[in-house]
Amino acid sequence: MPTKCLFCRRKYTRAGAYEKHLRTAHAKLDIVLASTVRYASPANYITDTETSLLHHPLVSGHPDSDYEFDLDPTEYERDDDVVQESDTEETNDAAPSPADKPMDYAGAGEAIGDVNGFEQEYSDLCADPWAPFTSAHGFKLASWFIQSKVPKSRINEYFSNGLGDTASVGYGSMHTLENHLRSLDPYSPYLQWFEGQVDDGSRCLPFFYRNILDCVRYLLRQIAYRDDLVYAPRREYDSEGQRLYSEMHTADWWWDVQVQCPTFYKNPD
Amino acid sequence: MSDQTHLSNFSGDKKAWPVYITLGNLPSTRRNRPGSMAVLLLALLPVPPKFSKSSSADELQRQINADTLRGVFELILEPLQETALEGVPIDCADGNVRRCFPILSAWIADHMENVALHGIKSNACPKCEVPPAELGTDAGTKYPARDYASFCEPGNGPRSPTSKTHDAQAPLGTPSTTIGQNVFHGLQRVSAPDLYKPDMLHTVYLGLFKHMMDWIQGFLKKHGRAQAFDDAWKALPPYPGFFVPKKAYREVTQWQGKEMRNLGRCLLGVLAVALRQPDSAQVLPFKHALGCIRALVDFHMMAQYRSHTPETLAYMEQYLNQFHKTKEIFLEFRVSKRTRAKVDEQRRELRHQRAQVNQPVSTSERRRVRGDDRAEENDRRMDLIHTESHFNFIKMHLLCHFHDHVRQFGNIPMYSTEFGELAHKDQIKDGWRRSNKNDAARQILHTYGRQHAIRMRLLNLDSLRRRGVDLPADVLHHLDKTSTVSGPGPRYRILKGRRGDVSDIMDFCKVLEVSSETMCRELIRYSRHNLPTERQLPQDPAILRSLPVELLTQLEIPVPAFQDPDVHDIHRARCTGALLFRNQASRNDWVWVRAGGEDMYGALKGRLPAKLVALFKIRDYTCGSTVRRLACVQKLTAVNSGRLSDTHGLVTVQLREDAREFTVVDIGTILGLAHLIPETGRRWLVNSRIDLRTFNEIY
C-alpha cells in the first residue's frame, strides 16, 4: 500500500522516494523523519512468501519430465505486483486531487459523421475473412508463397506440375494469384504509385511517390489500429501530480497546434 | 481534431533513397513494433551524385540538384498544404468520420541528411543559430531558433554561399546555410526547425561515445591503465540483452551502433575498475574523468526513458551541465593535426632559441638548466594545446536540445532512426535482392506491395480476433500460428533443466562438493526462519537425507519491464555448477536476493547480490508431500553500508572472509539477474547502468 505523507497529500510506494520527499519538502520536520520512514518500508518480504506458501496448496511436480513448470501463477508472485496494484488503486479511488487525472483537449477528435457502409464492410470481413480467395486453403497457400518469397517461376511450376489443386485453390498461376492479391486490400487505391522524372542537367531519372494524404487515409482506416489510435492531445499526470511526457500526444507540441486549429466543426449533412 | 504526419527518411543503400511515412496518432509502442505495418513507403527518390568539394564546375551542378530536390519535395508534400490549414474529413477505423489536419511534425534522419534537406552547413545545428565556435559550450545559453525564412526571400541574393546579409547573432558573420534552401520551409503549420529529431543512434552512440572512447583511450595510455581497462573489459559477466565482449577493447576493429550501445551500459563500471587505487598525483584527474563519464552515461540512460516528468527532465539537464563542466579533463585528447603541427613548431623554435644562448660550463649546472627547459617546454605545450583545442563539434551541441524536445514531442527513443532501418530491410532491401537489378525500383515496389496486402489482411483479422469477434475456427487456428502479436508470457518463476544424476541430499552434496552436515544445517536454518511451524522440514538429519531432491540448472524469472508494467522481460539465471554451459565455461550467475526491508543496505534498498550455487527442489513427505523450490546462494555484503561512491557513483560489494559457504533461500526471493564487474578477487562493483530498471532502482 502506498504510504501517505504525514504532512501533505502526496503518496509514496517506495521508501526511498518518500524519504527524499520528506528531506526536501519538509526539511523542518527533521525530528519526525526517523520515525516516519520506517512506516514506509513495505512488509518484510520473507514473511510475504511464507504466507503465500501457506495459502496455496503446492502443485506437485512431474518428476519424470525434463522441464517443469510451476502451474500456480500466484505461487511466486513478486511484491512488485502488489505495488502496481496499489498504484492503480491510488489513481482510481483515493487522491481526489484533480491534478492526477489526465486532461484531454476538449473537442479534439470529435466525430463529425459516420463512415458510409462501415458496418457492412465490417460484417463482410467477419463472414468471409478470406475474400476474394474462395477458400481458406487458397489464402493460406498464397500467404505462404508470398511470405516465404517463392519466385514467380516456381509458383507457376508448382501449378503446371499439378502439385496444387487449381479448382480448390481458386488460382492456377502467378498471374491469377496476383489478380487475387490486387483485390485483397480494399484500400489499395490509396497506395497507388505515381511516377515522376527528375532532370538534373546530365541525366533523366525516374522517381516514385505516393499521395501523402492518401497514405494518411489508408493508415487511419485500418481496423488493425482501431484500438490504438489516439485522436486528441492530452495532458497526463502521475500520482504525485507531476506532468508526464511520454507519447507524442502527451507532449506540448500537439496541444499547441490543436489550439491553433479550428476546434469544433459539425458537418452540415 | 488534428493529426500528425511523421516522416522518416534514410539513405542507406546508395541505390535508393526511400522516404517513409507513419502516423503520430499511433502510440510509438505500436507503431515501431516490427510487423506493425504502420510505416508506409512514401517515395523512392534517386540519390544525387556526390561531389568533390570546392570544384567550381560542380557549384552549378550542386545548385541544380538542390533545386530539383526542393521541387521533388514540394510535389510530394503538396497535398498537405491546404489540408493542414482547413482540415479534411477522413474515415477512421472505428467507423467515425473525423476532421483531420495532417501536419508534418517530425523528420527522422541522420545529421548529414538533415544538412542536405535543410540546406545548412554541416557544422550548423538544424534547430538553432548556434555559431560554430560555440558548439561545445554548455547547455546554459539558448540561441534563437533558426530562421529559415530569411534565406528564402528573393531580394537577399539567396542561394549563394557568399550571401552575408543575415546572422547578426553570429560573431563570425558567416551564415551557416550553404545553398539557402530548406525543403520544408513554407509548409503550412510546420516550423522547419522543429522537424529535427534528436537521434540516440547517431548523436550519442556513434557520435559522442565514439569520441569519448578516443579520449578515454588517450587518458588511459597517459596514466598507464590501458591494460587494466582491457582486463576489466574482458571479465564482464553476461546479462540479458547484453553482448559479452569476447575481445579486449583495443582488439576490436569495428564499432557499430549495437556495440556502442553495449559499451554505454558497462563503460562506467569498467572504467571505475580500471582506475581503482590511484596514486597521489592521479587522484584528482581520475576523479574528474570518472565524473565526466558518469555524467554522460547517466544522461544517455535518462534519454532512454519512455516517460518523463519535469523532475526527470531536470535531472537530464543537470547531468548534461555536469558533463560540460567536467569535460575539460579530456581536452588534451582533442588535439587536431593542425595543433600538433603547431606544438612541434613551437618546440623547434624553443630549442633553436636555446641553442643560441651560451651553455653554462659545469655539468650540474647543465643538468639543472636542461630540467628547467623541459618543464618550460611541457608547460608551453599544454598551454598551446589548451588554447587551440576545443569541443566545438556538432554532436556535442545537439545534446542540449534533448530535454526541450521531450517537452514538445515526447520521449526520445520513439524517434530513433533504427525503426526506419527495420522498414528499410523489409520494404527495400528484400525487394532489391529479388529484383534483376534492372529498373529495380519498380520491382521493389511491386514485391513489397504483394507482401503488404497479405500481412495487412492478417493484421486486420488478428485485431478482430482480439476484439472477440466470432470468426470461423480455421481462421483462429491460422492466426494463432502467424500472429506477430504475442500474448503476455508467464508471470511466475520457472525452474528448468533437471539433472538426472541427483536423487537425494547425498547425491546433491556430492555434486556440490559440500558436506552433508552443512547442507542439512542450512536447510534446517532456512525452514526455521521462513516456514510456519507446522510446515517445517523435518529436523532430524536422517529423515532429511532421505527426502527426494532434484537439481536444476536454470531459473526463469519474469522481471517487469521498466515503465511498462504489462511487459515482462525474462531473466534466465543459469546455474550449471561445475558443468560446462554451451561447451564454454560453466555459468553460475549473479542474482539479486531480497534480504531485508527497503531501508537496508543503502542504495541497494534491501537487496543483495548473490552467486547462485544450486537450484533445487525438495519434496517433503512428512508434510503432505509438498515441494519446496529452493536455491543455494552465496550472498555478498555491501561495502560502506551500500552508499554510492563519490568518484564513480557505484556500489561496491564484497565477499566477507567469514561469510557462510552458502545460504538456502526460496526462489521467490530471487528478484532477477545482477550485473557485477569484478574489481579484485573478493570485491565487485554493482553495475547499475546495465539497464534502465537497475539504473532507476539504485541511485
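The values are calculated or read from the model by the stated rules, or taken from the named source; none is laboratory data. Quick caveat, the model's predicted, so the values are computed rather than measured. With ideal geometry, Cβ positions are generated from the backbone for all residues, glycine too; neighbour counts draw on all protein chains shown.
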Yes/no for B:Val593 being within 11 Å of another protein chain (Cβ to nearest Cβ) and under 20 Å from B:Ala659 (Cα atoms) = yes
note = Listed by first then second residue, the pairs whose first member lies in the stretch A:138-152 and is more than 7 Å from every other protein chain (Cβ to nearest Cβ) and over 10 Å from B:Ile454 (Cα atoms), whose partner is among the β-branched types (Val, Ile, Thr) and assigned to a helix (DSSP H, G or I), with beta carbons under 6 Å and at least 6 positions apart or on separate chains, are A:Gly138/A:Val169; A:Leu141/A:Val169; A:Phe145/A:Ile155
key: Those residues of the stretch B:304-338 which are more than 23 Å from the chain's Cα centre (by Cα) and crowded, with 19+ Cβ neighbours inside 10 Å, in sequence order   = B:Ile329, B:Arg334
request  = Confirm whether B:Leu60 is at pLDDT below 80, more than 7 Å from chain A (Cβ to nearest Cβ) and under 25 Å from B:His185 (Cβ atoms).
outcome  = yes
request  = Give the stretch B:305-339 a look and list any residue that's touching a helix residue (DSSP H, G or I) at 6+ places or on another chain (Cβ under 9 Å) and among the hydroxyl-bearing types (Ser, Thr, Tyr), or say none.
outcome  = B:Tyr305, B:Ser307, B:Thr312, B:Tyr315, B:Tyr319, B:Thr326, B:Ser336, B:Thr339
Tally of residues being part of a loop (DSSP other than H, G, I, E, B), touching a residue at least 60 places away in the same chain (Cβ under 8 Å) and within 28 Å of B:Gln536 (Cα to Cα) across the stretch B:620-657 = 0
Elements of type strands (runs of 3 or more DSSP E) in the stretch A:174-269, at least 1 residues being within 24 Å of B:Pro413 (Cα to Cα), modelled with pLDDT of 85 or more and more than 7 Å from chain B (Cβ to nearest Cβ) = A:234-237
query = Taking helices (runs of 4 or more DSSP H) that do not extend beyond the stretch B:398-473, which have at least 2 residues that are within 11 Å of another protein chain (Cβ to nearest Cβ)?
reply = B:402-409, B:430-434, B:440-466
query = So which residues in the stretch A:179-206 are buried (at least 17 other Cβ atoms within 10 Å of the Cβ), under 37 Å from the mean Cα position of the chain (by Cα) and under 25 Å from B:Asn436 (Cα atoms), if there are any at all?
reply = A:His180, A:Leu181, A:Leu191
request  = Go through (1) surrounded by fewer than 17 Cβ atoms within 10 Å (Cβ to Cβ); (2) in contact with a Pro (Cβ under 9 Å, 6 or more places away or on another chain) one by one and return the number of the condition A:Ser168 breaks.
outcome  = (2)
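Residues are listed down the side, and each one gets a yes or a no for (1) surrounded by fewer than 21 Cβ atoms within 10 Å (Cβ to Cβ); (2) under 11 Å from B:Ala232 (Cα atoms):
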position: B:Pro245; (1), (2): yes, yes
position: B:Ala248; (1), (2): yes, yes
position: B:Gln256; (1), (2): yes, no
position: B:Leu267; (1), (2): no, yes
position: B:Leu271; (1), (2): no, yes
position: B:Gln277; (1), (2): yes, no
position: B:Gln282; (1), (2): yes, no
message = Return the residues of the stretch A:222-246 that are out of contact with any strand residue (DSSP E or B) (no Cβ under 9 Å at 6 or more places or on another chain) and closer than 18 Å to B:Asp91 by Cβ; say none if nothing qualifies.
response = A:Gln222, A:Ile223, A:Ala224, A:Arg226, A:Asp227, A:Asp228, A:Val230
Flag for B:Ser28 being touching a Pro at 6+ places or on another chain (Cβ under 9 Å), modelled with pLDDT of 65 or more and closer than 24 Å to B:Ser191 by Cα = yes
key: Residue identified as farther than 28 Å from B:Asp658 by Cβ, within 14 Å of another protein chain (Cβ to nearest Cβ), of a type in the set (Asp, Glu) and surrounded by fewer than 19 Cβ atoms within 10 Å (Cβ to Cβ) among B:Asp620, B:Asp566   = B:Asp566
remark   = Conditions (1) over 24 Å from B:His223 (Cβ atoms); (2) in contact (Cβ under 8 Å) with a residue 12 or more places away in the chain; (3) of a type in the set (D, E, K, R) -> B:Glu311 fails only (2)
key: Evaluation of B:His401 against (1) free of Cβ contacts under 8 Å to residues at least 60 places away in the same chain; (2) within 30 Å of the chain's Cα centre (by Cα) (one fails), failing number   = (1)
request  = Could you list all residues from the stretch B:654-674 that are among the aliphatic types (A, V, I, L, M), away from chain A (no Cβ under 14 Å) and surrounded by fewer than 23 Cβ atoms within 10 Å (Cβ to Cβ)?
outcome  = B:Leu655, B:Ala659
